[in-house]
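Visitor: Sharing a structure with you now.
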Amino acid sequence: MSITLYSQYFNPKLSRSKGRRVPLDPAKKYSDESLVNILKGFGFKYEVRDARYPRVPWESCKMYVLEANVKKSTLIKMIERKLR
């Protein structure tokens with residue numbers, strides 16, 4: 001199953017209404033490098049692309065397309081735990 005994650009899900013500068021999906025404390029510890037390390041640790045195959053998140057189209061961000069057999073919400077919670 002293909003899952004798309006945007007770096008904006010973890011951006012501490014964004015409000016929840018603008019697309020952040022994790023609490024503020026873990027979001028403050030986020031970086032693109034840390035997400036890549038977390039995805040490698042989980043063993044998922046992924047691809048990184050430059051993109052624009054639809055809710056904030058004026059900011060460029062990274063889009064991670066990965067193959068995983070978990071739900072997107074579960075994956076975001078797993079990443080949040082690793083960021084704590």
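The values are calculated or read from the model by the stated rules, or taken from the named source; none is laboratory data. On a predicted model such as this, the values are computed, not experimentally measured, just so you know. As a convention, Cβ positions derive from the backbone with ideal geometry for all residues, glycine included, and neighbour counts pool all protein chains shown.
Visitor: Working only within region 38-61, note down all residues that are of a type outside the set (A, V, I, L, M, F, W, C), touching a residue at least 12 places away in the same chain (Cβ under 8 Å) and either surrounded by fewer than 16 Cβ atoms within 10 Å (Cβ to Cβ) or more than 19 Å from ILE3 (Cα to Cα) (or both). Give the derivation first.
Guide: From region 38-61, those of a type outside the set (A, V, I, L, M, F, W, C) are 40-41, 43, 45-47, 49-50, 52-55, 57, 59-60; that's our starting set.
If we keep only those that are touching a residue at least 12 places away in the same chain (Cβ under 8 Å) as well, we get 41, 45-47, 49-50, 53, 55, 59.
Scanning region 38-61 gives GLY41, LYS45, GLU47, ARG49, ASP50, ARG55, GLU59.
Let's see how each residue does on (1) under 12 Å from LEU83 (Cβ atoms); (2) at pLDDT below 95; (3) hydrophobic (A, V, I, L, M, F, W, C):
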| residue | (1), (2), (3) |
| --- | --- |
| TYR6 | no, no, no |
| LYS13 | no, yes, no |
| VAL22 | yes, no, yes |
| LYS29 | yes, yes, no |
| PHE44 | no, yes, yes |
| ALA51 | no, no, yes |
| ALA68 | no, yes, yes |
| LYS71 | no, no, no |
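Visitor: Please go through region 9-37 and give me each residue that is within 17 Å of ARG49 (Cα to Cα), free of Cβ contacts under 8 Å to residues at least 24 places away in the same chain and either touching a His at 6+ places or on another chain (Cβ under 9 Å) or charged (D, E, K, R) (or both), ordered by number.
Guide: Residue satisfying the conditions is GLU33 alone.
Visitor: Just to be sure, is LEU75 part of a helix (DSSP H, G or I), surrounded by 11 or more Cβ atoms within 10 Å (Cβ to Cβ), in contact with a strand residue (DSSP E or B) (Cβ under 8 Å, 6 or more places away or on another chain) and not charged (D, E, K, R)? It would help to see each step written out before you state the result.
Guide: Values: part of a helix (DSSP H, G or I): yes; surrounded by 11 or more Cβ atoms within 10 Å (Cβ to Cβ): yes; in contact with a strand residue (DSSP E or B) (Cβ under 8 Å, 6 or more places away or on another chain): yes; not charged (D, E, K, R): yes.
The answer is yes for LEU75.
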